[in-house]
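As structure tokens, the structure follows; a few thoughts come after it.
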Amino acid sequence: MRGKAVFWEPENFHLIDESNADALHFSFALGAGEYNSLQFMLGVDSVHNVSGAQTGALDPLNDMFWTWNSGYVMAKLEGHSPQANVVNNKFEFHIGGFAGENNVLKNITLHFPAGKSLNIQEGKTSEIIIEADIDAWWQQPNDIKIAAHPVCSSPGPLAKKIADNYSKMFIVKNIVNN
């Protein structure tokens, strides 16, 4: 198929959880065509943020819903670092905010490697392999130090800086057309 092939997956959210191998991949039906990029929104749009607790990936049992702030955590990173100057050297980033100057929603476009395209044909399966560089949370465009900011758990300027950083952590490693 020549021309522009576009696919939109409406009303579908995916929760990627590094601690759960089953949550590191998902499938969806895609119309036949040749695709050369992938675009997605990292976060939960404002309509779903103000619609209260929901089901599936948006179920509060997934621990990605702020009951105190009535909204979703868009991205979460927790761990321990000798640089974190808090109890047990724990760092905790729960990035959220969907309105006005606190909006951390990120529309991300990933272009496929040179010479690669996703070629969808009926009866065949294809894969997009995406890699995420976790170091991006602390790097460009904003230099974030765990020693200075071991915790971010509310909307605001720090959450926006971290979201600006992590929105650049993804690359397409490979395309596999079977």
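The values are calculated or read from the model by the stated rules, or taken from the named source; none is laboratory data. If you're wondering where the values come from, they're calculated on a predicted model, not measured in any experiment. Counting neighbours? That spans all protein chains shown, and the Cβs are built from the backbone with ideal geometry, glycine included.
For F93, indicate whether it is among the aromatic types (F, W, Y), modelled with pLDDT of 95 or more and surrounded by 13 or more Cβ atoms within 10 Å (Cβ to Cβ). Steps first, answer last, please.
On the way: among the aromatic types (F, W, Y): yes; modelled with pLDDT of 95 or more: yes; surrounded by 13 or more Cβ atoms within 10 Å (Cβ to Cβ): yes.
Judged against the criteria, F93 is a match.
With the requirement that a residue be within 11 Å of E127 (Cα to Cα) and not in a loop (DSSP other than H, G, I, E, B), what does the stretch 160-178 give you?
V172, K173, N174, I175, V176, N177, listed by residue number.
Tell me, please, whether a residue that is under 26 Å from W138 (Cα atoms) and β-branched (V, I, T) can be found in the stretch 47-69.
No, the stretch 47-69 has no match at all.
Which one is farthest from F98 (Cα to Cα), of the residues in the stretch 120-159 that are among the acidic types (D, E) and in a loop (DSSP other than H, G, I, E, B)?
E122
Please pick out the residue among N69, N12 that is at pLDDT below 90, polar (S, T, N, Q) and surrounded by fewer than 14 Cβ atoms within 10 Å (Cβ to Cβ). So that I can check it myself, show each step before the final result.
Details: N69 fails: surrounded by fewer than 14 Cβ atoms within 10 Å (Cβ to Cβ).
Answer to the selection: N12.
For the stretch 115-140, what are the residues that are touching a residue at least 60 places away in the same chain (Cβ under 8 Å) and loosely packed, with under 13 Cβ neighbours inside 10 Å?
The answer is E122, and nothing else.
Mind listing just one residue for me: the one in the stretch 149-174 that is among the hydrophobic types (A, V, I, L, M, F, W, C) and touching a residue at least 60 places away in the same chain (Cβ under 8 Å) and, of those, farthest from Y72 (Cα to Cα)?
Selected residue: V172.
Only residues that are over 14 Å from I16 (Cβ atoms), touching a residue at least 12 places away in the same chain (Cβ under 8 Å) and exposed (fewer than 13 other Cβ atoms within 10 Å of the Cβ): list them for the stretch 37-62, please.
Across the stretch 37-62, the qualifying residues are S37, Q39, V50, G52, A53.
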